[in-house]
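Student: Got a structure for you, written out below as structure tokens; questions coming shortly.
The values are calculated or read from the model by the stated rules, or taken from the named source; none is laboratory data. Nothing here was measured: the structure is a model prediction, and the numbers come from that model. Positions of Cβ are generated from backbone atoms using ideal geometry, with glycine treated the same way; all protein chains shown enter the neighbour counts. Heavy atoms of the whole protein, side chains included, go into the accessibility calculation; ligands, DNA and RNA do not. Shrake-Rupley method; radii C 1.70, N 1.55, O 1.52, S 1.80 Å.
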Amino acid sequence: MGSGIAEVCARAGYTTLVREMNDELLGRGRQRIEQSMGAGVERGKLSAVDRDAALQRLTGTTSLADFKDCDLVIEAATENPEIKKKTFAELDQICPPHAILASNTSSIPIIQMATATKRPDKVLGMHFMNPVPIMRLIEYVRTLTTSDETLETARQFGESLGKRIIVSKDRGGFIVNFLLIPYLTEAIRMYEQGFASKEDIDIGMMLGTSYPMGPFTLLDFVGLDTTLFIADVLFDEFKDSRFAAPTLLRQMVAAGYLGRKTGRGFYNYSTGEQPPTGR
Ligand code: CAA
């Protein structure tokens, strides 16, 4: 997600600084961005000149201290509240007083990050969708402390990236995952109970409702570990069986079948298996 966010910022003309934990991760991220921009050029979405200019606007660092002159920071660290709170507290010390601090978390309450700083009025959620360069939405999360001015400045920024903005209150799942997670876990339950094959469920949703991917293809794309993490956060917050993770999901995560990123999820990509297409 981090590389996708950096890519859209640089493509929109912003001087963009990316922080990673080490140089190897920075190199891998830059490679991903170059590949994605290359695909954009091939598909006629940006010119080679614009790609080169965007890449020039992108620099990397391993130190948060380099964020001392920034106007907006979008945190996309691993989904661990302690890491996020620590990062926000450090950024609060380093960044200029006017800077807005945003989190791309898909499930952790934004108020936890806001209250780790001395500028809770300048903190909000900016939840991008995967793949960031293609998906047109950013879901903004306003906490009890986010000011109107922060929301308005952030809205102008998001629109300047070419995205549509929706605004949610600071509640588990926000808008998209509150609806998406029960849909995905219901599909797993249907399959787990032998009600239908994963292929038929995928084809049903693609051809029956024009979703671009069926639920199992999407689960493999998003990551089964990510889905389980969000389902557990939602269940914790609402104590509602709609959000209870199916046993099969939990077991697949334990087995390391995390989806495309590990070569195997509901489909076994390592053996050449591919999800059905909608054609
Ligand atoms: N830069 C810019 N544009 C690009 C691009 C790039 N690198 N790569 C592709 N594109 C453009 C293509 O040119 C094409 O544009 P047009 O429609 O104008 O022709 C468009 O993007 C689609 O590209 P493809 O034809 O390669 O891809 P596709 O049609 O096979 O769709 C997909 C791929 C967008 C991933 C689609 O399958 C899809 O939308 N899937 C669902 C994704 C989804 O639901 N994401 C959200 C997950 S939930 C989440 O993220 C939140 C969370 O917290 C879990």
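Student: Please work out the FRET efficiency for the pair S241 and R155, using the Cβ-Cβ distance as r and a Förster radius of 41 Å; give the result to the nearest 0.05.
Tutor: Computed FRET efficiency for S241 and R155 comes out at 0.70.
Student: Right, next: At 1.4 Å probe size, what's the solvent-accessible area of L137? Round to the nearest 10 Å².
Tutor: Here the accessible area works out near 40 Å².
Student: To continue, here is another question. Treat each spin label as a single point 7 Å out from the Cα along the C-beta direction, and report the Y269 to S147 distance in nm.
Tutor: About 4.4 nm separates the two model spin labels.
Student: Quick check for you: with a 1.4 Å probe and neighbouring chains kept, what is the accessible area per residue of the chain, in Å²?
Tutor: It amounts to 51 Å² per residue over the chain.
Student: Relative to the present Cα-Cα distance, how much length would full extension add between T209 and S47 at 0.36 nm per residue of separation?
Tutor: 54.9 nm
Student: If the stretch 61-135 were replaced by its equivalent ellipsoid, with semi-axes equal to the square roots of 5 times the Cα gyration tensor eigenvalues, what would those be, largest first, whole Å?
Tutor: Over the Cα atoms of the stretch 61-135, the ellipsoid semi-axes are 19, 15, 12 Å.
Student: How long are the three semi-axes of the equivalent ellipsoid of the chain, in whole Å, if each is the root of 5 times an eigenvalue of the C-alpha gyration tensor, listed from largest down?
Tutor: Ellipsoid half-lengths, sorted descending, are 32, 24, 17 Å.
Student: So, one more: Full extension from T262 to M135: what is 0.36 nm times the residue separation minus their Cα-Cα distance, to one decimal in nm?
Tutor: That pair, T262 and M135, stretches by 43.4 nm at full extension.
Student: Counting Lys and Arg as +1 and Asp and Glu as -1, each charge on the Cβ, what is the dipole of the chain about the Cα centre in debye, to the nearest 20?
Tutor: 240 debye
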